[in-house]
Amino acid sequence: MGIIKHYKMYKKGKNWCYMAIATLAVAVGTLSISQGVNADTADSTVNTTSVTVASQKSHDQTTDVATEITPATQNTSETAKQEDQAKSTTPADQQSLVASKVAVAPQAATPQSGWQTDNGSSYYYKDGQKVTGQQNINGKNYYFNDQGQQQKNYFLNQSNHTYYFQADGTRLDDGFYNNWGHTYYFQKDGTRLDNGFYNNWGHTYYFGQGGVRLDDGFYNNWGHTYYFQKDGSRLDNGFYNNWGHTYYFGQGGVRLDDGFYNNWGHTYYFQKDGSRLDNGFYNNWGHTYYFGNDGA
């Protein structure tokens with residue numbers, strides 16, 4: 001150990017003075033040991049020494065700088081902790097990301113079903129597919145062409161039958177259709193009645209070739225003649241007047257040909273063509289009969 005003298009300059013009044021300061025010098029070996037022991041804190045010691053020297057100039061400055069260094073040391077410690085935490089939390093973040101990807105995985109699309117409209121045409125989907133042909137949907141019958149388009153105001157000819165699909169697309173079942181000056185009847189199964197009789201409201205109607213109802217016309221079959229009136233109903237037990245003659249259609253609508261009709265206390269004769277004999281003579285059974293102006 002030795003004594004080392006230092007000189008410090010200070011101000012006394014208006015004059016600068018020197019003051020000798022004695023300092024004990026520590027042996028070199030001791031300093032080396034001290035430095036080796038404090039190697040881990042060398043950086044902090046250097047900073048502290050630097051600040052301490054500066055503080056010899058001004059007490060106020062030392063206080064300020066020392067205050068600023070303390071947070072810096074704390075920040076260094078906190079940063080180290082945050083780095084450790086970041087390392088430890090990284091796997092958790094990765095797990096969260098994986099879970100998020102699983103949660104948004106796309107699901108299978110639900111197949112289209114029911115009525116759909118596209119470019120003004122109506123379609124019906126079943127199990128994701130467009131239906132075609134005749135289909136019964138909710139108790140009503142519809143027709144879809146090969147492209148799946150619903151048909152409206154449409155006649156379908158299928159299996160030697162004709163069907164009509166109305167303005168709303170539903171099939172006409174057990175109903176009448178009027179067009180082109182004619183009346184048609186579509187039966188309960190939707191087929192048009194062709195060459196057949198329809199009975200309703202106590203009357204009989206006949207629908208001929210092409211399904212046209214016979215209005216104001218004669219129908220011949222089974223060796224007999226029948227007359228269907230302007231409303232299409234068959235004339236039963238009634239008289240028909242035309243061409244200056246009177247005809248009688250009896251039970252079942254059969255025209256009375258070459259036969260007698262008794263009513264109102266009189267007897268009438270209808271000739272072979274069905275016309276009533278008026279103002280004329282009839283010869284039979286070896287006798288002659290006269291029928292007057294009204295056929296009596």
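No lab work stands behind these numbers, since they all come straight from the coordinates. These figures come from a predicted structure and were not determined experimentally. Every residue, glycine among them, receives a Cβ derived from its backbone with ideal geometry; neighbour counts consider all protein chains shown.
What the table below lists for this structure:
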quantity	calculated
Residues Asp216 and Gln251, FRET efficiency given R0 of 22 Å [Cβ-Cβ distance, rounded to 0.05]	0.55
Given Lys130/Lys188; Lys140/Lys188; Lys152/Lys188, the pairs whose alpha carbons are separated by over 23 Å	Lys130/Lys188
Counted charge near Gly280, where neighbours are those whose Cβ lies closer than 15 Å (Asp, Glu -1; Lys, Arg +1)	-2
Total formal charge among the other residues, if their Cβ is under 15 angstrom from that of His224, Lys/Arg +1 and Asp/Glu -1	-1
Neighbourhood charge, 12 Å Cβ-Cβ cut-off, centred on Tyr154 and excluding it, Lys, Arg +1 and Asp, Glu -1	+1
Sites matching trypsin sites (Lys or Arg not before Pro) across segment 163-250 that sit in DSSP coil, with at most 14 neighbouring C-beta atoms within 10 Å	Lys188, Lys230
Convex hull projection area averaged over all views, segment 125-291, Cα basis, nm²	13.5
Virtual spin-label span in nm between Thr117 and Gln271, 7 Å along Cα→Cβ	6.7
Sparse-neighbourhood loop sites, chymotrypsin sites (Phe, Trp or Tyr not before Pro) in segment 205-296 - DSSP loop, at most 16 other Cβ within 10 angstrom	Trp222, Trp243, Trp264, Trp285
Amide N of segment 225-243 lying under 12 Å from the label point, which is placed 7 angstrom from the Cα of Trp264 along Cα→Cβ	239
Nitroxide proxy distance, nm - points 7 Å out along Cα→Cβ at Asp174 and Asp231	2.2
Inter-probe distance in nm under a simple model that places probes 7 Å from Cα toward Cβ, at Thr288 and Asn136	7.2
R0 of 30 Å, Cβ-Cβ distance Asn153-His203: FRET efficiency to nearest 0.05	0.55
Cβ-based charge dipole, segment 125-291, positive-most Cα from Gly148, Gly252, Gly280	Gly148
